[in-house]
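S.K.: Sharing a structure with you now.
The values are calculated or read from the model by the stated rules, or taken from the named source; none is laboratory data. A quick note: this is a predicted structure, and the numbers were derived from the prediction, not measured. Reconstructed Cβ throughout: ideal geometry from the backbone, glycine too, with neighbour counts over all protein chains shown. These area figures cover heavy atoms from the full protein model, side chains too; ligands, DNA and RNA do not enter into them. Shrake-Rupley method; radii C 1.70, N 1.55, O 1.52, S 1.80 Å.
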Amino acid sequence: MDTNGVMTVVYCISFFSVAIAIVFAVYLHLWVKRQPVKNQTIRDVSGLIKAGANTFMRKEYKMLALFAAAASVLLFLFLPSPVWSGGDITKNLCMLIAYWAGTVFSAIAGKMGIIVATSSNGRCAEAASKDIKSAFLIGFRGGAVMGLAVVGISLFGVAGILLLFGDTTISLGFSFGASSLALFAKAGGGIFTKTADVSADLTGKVELGIPEDDPRNPAVIADNVGDNVGDVAGMGADLFDSNVAAMTSALVIANTLDVATHANTAMVFMYAALGLIASIIGIATAKIGPGSTPTRALNSSTYVTSAVFLVLTALCTAIIPGFSWQIWGASTVGLLVGVLIGITTDYFTDVSKSIVKKVAHASRSGSAFTVLSGVSYGFISALPAMIGIAVSALAAYKICEPMGTEYALFGIAMAAVGMLSIVGMIISNDAYGPIVDNARGLAEMGELGEETIRVADELDSAGNTVKAVTKGFAIGAAGLTVISLLGAYMSEANAALEAAGKALITGFDLMDPVVFFGMLIGAAIPAVFSAMLILGVDKNAQRMVAEIHRQFREIRGLREGKPGVKPEYDRCIEIATSGALRELIPAGLMAIIATLVVGFIGGPRAIGGFLMGNIVSGLLLSLFMSNAGGLWDNAKKYIEAGNEGGKGSEAHKAAVVGDTVGDPFKDTAGPSINTQITVVSLVASLMSAIFVAFSFFG
């Protein structure tokens, strides 16, 4: 079979796998919708959550549409080359179309998550009153709809753009559209959800001593809305972006290697398609067996998916001419290290493990010790993942190095593709978390009884653990992706340098003051970015706490829970919405503007240093914050299960404070950093030719 024939087969398999995924997702969605919801209170509250989520998404997307419109003008004028430079203007138009497609597809991914999550939560709550197996299946299959849809759409988009335009540089525009929208969607959703969560916990649990999802609390509906717009829509857009960026960076490097053959490009698409098929098989096998637990069921389905992917890609590599076993080895290393990162994250965040119990025990001595122990273990937890990312990058490089330096960089890119190959399963596990979290709240508000709440708590605890694992997995994949994006940036910059008759970049020397200048600034950006997001939660939560106090003070009978007296839920939803929309743009713009400033001052070498600093500090901070937040959350749940004094004890109050600190860590700043790293890497690649032409020290 000739190379064109191979690409035809690969495109057919890619689009066929997308079709299967979408059909299976539709089947699962219809299955979830067939499950009954008889409790009227649950139906009413679920409707309020759905309406609140849709209202926020509508306002957020309107704001992001304005940003996309402004970015579109700049893209058309400057990329891939300034329109006044005499180049082919149709390439600028193609770049613009690709950017729009990436933005729209990312928005669709988030919206689909909201649709399925808000229809699954009430059904999951009601099923929890019967047995844990049924409730688990509803929560997981609801999350799986999003997982399959997001990965299917991302593969369809990347393959469609390359098939349509035949230019990997144009594919960078598609990836930038996905990344820029994901950055703001994750930041906005994260600010919303943690504003409500922090406010509800501080006023309810700490001040008044009322249950977590007590309907008397004015912030309780906003809290449940936040689970959807932050942990479902935001994370969906985030992982859509990560998957697209991993494939795009691999394709950019593959394009430089595929002179006489399309084998490397074909491998990228084939492995992505087989990963989607493996996820479908893994999702179909997920269930709670005899003696099993929700956490074990979620983890076992991940292992099944990984094993299926390894077998399918090995068969594919053996059969198709031109496919390299070294590249398969690099991809396998990425996947295995991703699983190991998940296991180490589980050790630091699982409620059944010793670390969570140690932090819960420390809470008996006060909130200061809760925070100190959680911060300490959070920093320690970053080390295994950082080692894993470093080892996978080094191993992938060395496995492929005998084939040439460019192949070594391609090996790192394929390690990222391998780590994200099972992203359909990862998103399914991640979206399961907020669905069962909502179900727990609905079970309490629907007065389904203590046993139902206990079952929902068990499902929710598994969701917290798996969310921490999936965040670690996503951050690890982002680490490999941005290393490969650094390689893609070098490819783009060298093409511009060669056209300008300047010396090519072979590496970034830290003794070069221009490189060091960029590295120091790049290392500071994730910290400032995180601070801006956390301050956004802080300022917004203070406004909401004041509103909750006003309602308890002015609405007669609310505090006592008199029949017919209801809080003004809409006021809290509006505060969370307006505050999130106000705070979501500045942090993202700061990171993008900093990249442009460094590029125009120091040129392409300074940008290389900037990206290195941004990658290292960003990975460390994101892993620390995500793991520390998950650890504090489960320490609180461990105490609420009756340990270390149980609910209402001093240890419980201290653990709630720790969880309050951890909320914006794990659900706002931490998971947003990997998207920030991806965005600045793509901006650097897209602007490389401009930096070569216009810079003070370039």
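S.K.: Hey, what angle do you get for helix 89-128 against the long axis of the chain, alpha-carbon based, 0 to 90 degrees rounded to 10?
M.R.: 30
S.K.: Which distance in nm do the two modelled labels at I387 and K133 give, with both placed 7 Å along the Cα-to-Cβ direction?
M.R.: 4.0
S.K.: Order the peptides 516-524, 625-633 from the highest to the lowest mean number of other Cβ atoms within 10 Å of their residues. Can you show the working numbers first?
M.R.: Details: 516-524: 20.3, 625-633: 31.8.
Put in order of decreasing packing, that is 625-633, 516-524.
S.K.: Please work out the FRET efficiency for the pair R553 and A531, using the Cβ-Cβ distance as r and a Förster radius of 25 Å; give the result to the nearest 0.05. Walk me through the numbers on the way to the answer.
M.R.: Working: r = 33 Å, r/R0 = 1.30.
The computed FRET efficiency comes out at 0.15.
S.K.: Could you tell me what % of all Cα pairs in the chain have separations over 41 Å? Numbers along the way, then the final one.
M.R.: Values: 57222 of 243253 pairs.
Summing the P(r) tail past 41 Å for the chain gives 24 percent.
S.K.: Give me the angle, in degrees from 0 to 90, between the Cα long axis of helix 670-686 and the longest principal axis of the Cα atoms of the chain, rounded to the nearest 10.
M.R.: Helix 670-686 sits roughly 20 degrees off the main axis of the chain.
S.K.: What nm value, rounded to one decimal, do you get for the distance between A500 and K38 when each label is placed 7 Å out toward the C-beta?
M.R.: Result: 7.2 nm between the two label points.
S.K.: I've got another one for you. Can you compute the FRET efficiency between E207 and R454 using 1/(1 + (r/R0)^6), with r the Cβ-Cβ distance and R0 = 25 Å? Round to the nearest 0.05.
M.R.: 0.50
S.K.: Tell me the net charge near T248. Cut-off is 13 Å between Cβ atoms, T248 excluded, with +1 for each Lys or Arg and -1 for each Asp or Glu.
M.R.: Details: positive: none; negative: D167, D241, E492.
So the surrounding residues net to -3.
S.K.: What is the sum of charges, Lys and Arg at +1 and Asp and Glu at -1, for the other residues whose Cβ falls under 14 Å from the Cβ of A651?
M.R.: On the way: positive: K205, K357, K358, R364, K636, K637, K647, K653; negative: E640, E644, E650, D659.
Cβ neighbours under 14 Å give a net charge of +4.
S.K.: Going by average Cβ density within 10 Å per residue, which order do the peptides 559-566, 100-107, 39-46 take, highest to lowest? Write out the running numbers ahead of the final one.
M.R.: On the way: 559-566: 9.8, 100-107: 23.6, 39-46: 17.9.
Put in order of decreasing packing, that is 100-107, 39-46, 559-566.
S.K.: May I pose another question? Of the cross-linked pairs K33/K59; K539/K653; K111/K287; K194/K539; K353/K636; K133/K194, which ones have a Cα-Cα span greater than 19 Å in the structure shown? It would help to have the intermediate numbers written out before the result.
M.R.: Details: K33/K59 27 Å; K539/K653 22 Å; K111/K287 26 Å; K194/K539 11 Å; K353/K636 14 Å; K133/K194 30 Å.
Distance filter (> 19 Å) returns K33/K59; K539/K653; K111/K287; K133/K194.
S.K.: Right, next: Give me the accessible area per residue for the chain, probe 1.4 Å, as a whole number in Å².
M.R.: Numbers: 23300 Å² over 698 residues.
Per-residue value: 33 Å².
S.K.: While we're looking at this one, here's another question. With each label point set 7 Å from Cα along the Cα-Cβ vector, what nm distance links T261 and Y303?
M.R.: It works out to 3.7 nm between the two label points.
S.K.: Place +1 on the Cβ of every Lys and Arg and -1 on the Cβ of every Asp and Glu in the stretch 15-60, take the dipole about the Cα centre, and give the residue among G47, V32, I20 whose Cα lies farthest towards its positive end.
M.R.: G47
S.K.: Could I ask something else about it? Once ligands and nucleic acids are excluded and a 1.4 Å probe is used, how much of F78 is accessible, expressed in Å² to the nearest 10?
M.R.: 70
S.K.: Quick one: angle between helix 294-319 and the longest Cα principal axis of the chain, in degrees between 0 and 90, rounded to 10, please.
M.R.: Taking Cα atoms only, the helix is inclined about 20 degrees.
S.K.: At a 10 angstrom cut-off on C-beta neighbours, averaged per residue, how do the peptides 171-181, 310-320 rank from highest to lowest?
M.R.: 171-181, 310-320
S.K.: Counting only protein heavy atoms, what percent of the accessible surface of the chain is carbon or sulfur at a 1.4 Å probe? Show your work: numbers first, answer last.
M.R.: Details: 15610 of 23300 Å².
Answer for the chain is 67 percent, counting heavy atoms of protein chains only.
S.K.: I've got another one for you. Just subtract the alpha-carbon distance of E568 and W31 from 0.36 nm times their residue separation and send over the number in nm, one decimal.
M.R.: Full-extension gain reported as 189.9 nm.
S.K.: Dipole of the chain, Cα-centred, from +1 at each Lys and Arg C-beta and -1 at each Asp and Glu C-beta, to the nearest 20 debye? Display every interim value, and only then the final one.
M.R.: On the way: 46 positive and 51 negative charges, 185 e Å.
Roughly 880 debye for the chain.
S.K.: Okay, moving on. Report the full-extension gain for the segment A70 to S292: residue separation times 0.36 nm, less the Cα-Cα distance, to one decimal in nm.
M.R.: Numbers: separation 222, 0.36 × 222 = 79.92 nm, distance 5.19 nm.
Fully extending the segment from A70 to S292 adds 74.7 nm.
S.K.: Any idea which of N217, G204, L181 is furthest toward the positive side of the dipole for the stretch 174-219, if Lys and Arg beta-carbons carry +1 and Asp and Glu beta-carbons -1?
M.R.: Selected residue: L181.
S.K.: If each residue of separation counts as 0.36 nm, what is the full-extension length gain between M511 and S578 once their alpha-carbon separation is subtracted?
M.R.: Working: separation 67, 0.36 × 67 = 24.12 nm, distance 4.64 nm.
Extending this stretch completely gives an extra 19.5 nm.
S.K.: Take the eigenvalues of the Cα gyration tensor for the stretch 191-331, scale each by 5, and report the square roots as semi-axes in whole Å, largest first. Display every interim value, and only then the final one.
M.R.: Details: eigenvalues 391, 89, 17 Å².
Semi-axes, largest first: 44, 21, 9 Å.
S.K.: A follow-up question, please. In terms of the Cα gyration tensor, with a ≥ b ≥ c the square roots of its eigenvalues, is the stretch 1-85 rounded because a/c is under 1.5, prolate because a/b exceeds b/c, or oblate?
M.R.: Values: a/c = 9.73, a/b = 1.30, b/c = 7.50.
In terms of gyration-tensor shape, oblate.
S.K.: Now, a different point. Given a Förster distance of 30 angstrom, what is the FRET efficiency for V597 paired with T90, based on the Cβ-Cβ distance and rounded to 0.05? Spell out each step's value before the answer.
M.R.: Details: r = 31 Å, r/R0 = 1.02.
For R0 = 30 Å, the calculated efficiency reads 0.45.
S.K.: Give me the percent relative contact order of the chain, please, defined on Cα pairs under 8 angstrom at least 6 residues apart. It would help to have the intermediate numbers written out before the result.
M.R.: Numbers: 1377 pairs, mean separation 150.8, N = 698.
Computed value for the chain: 22 percent relative contact order.
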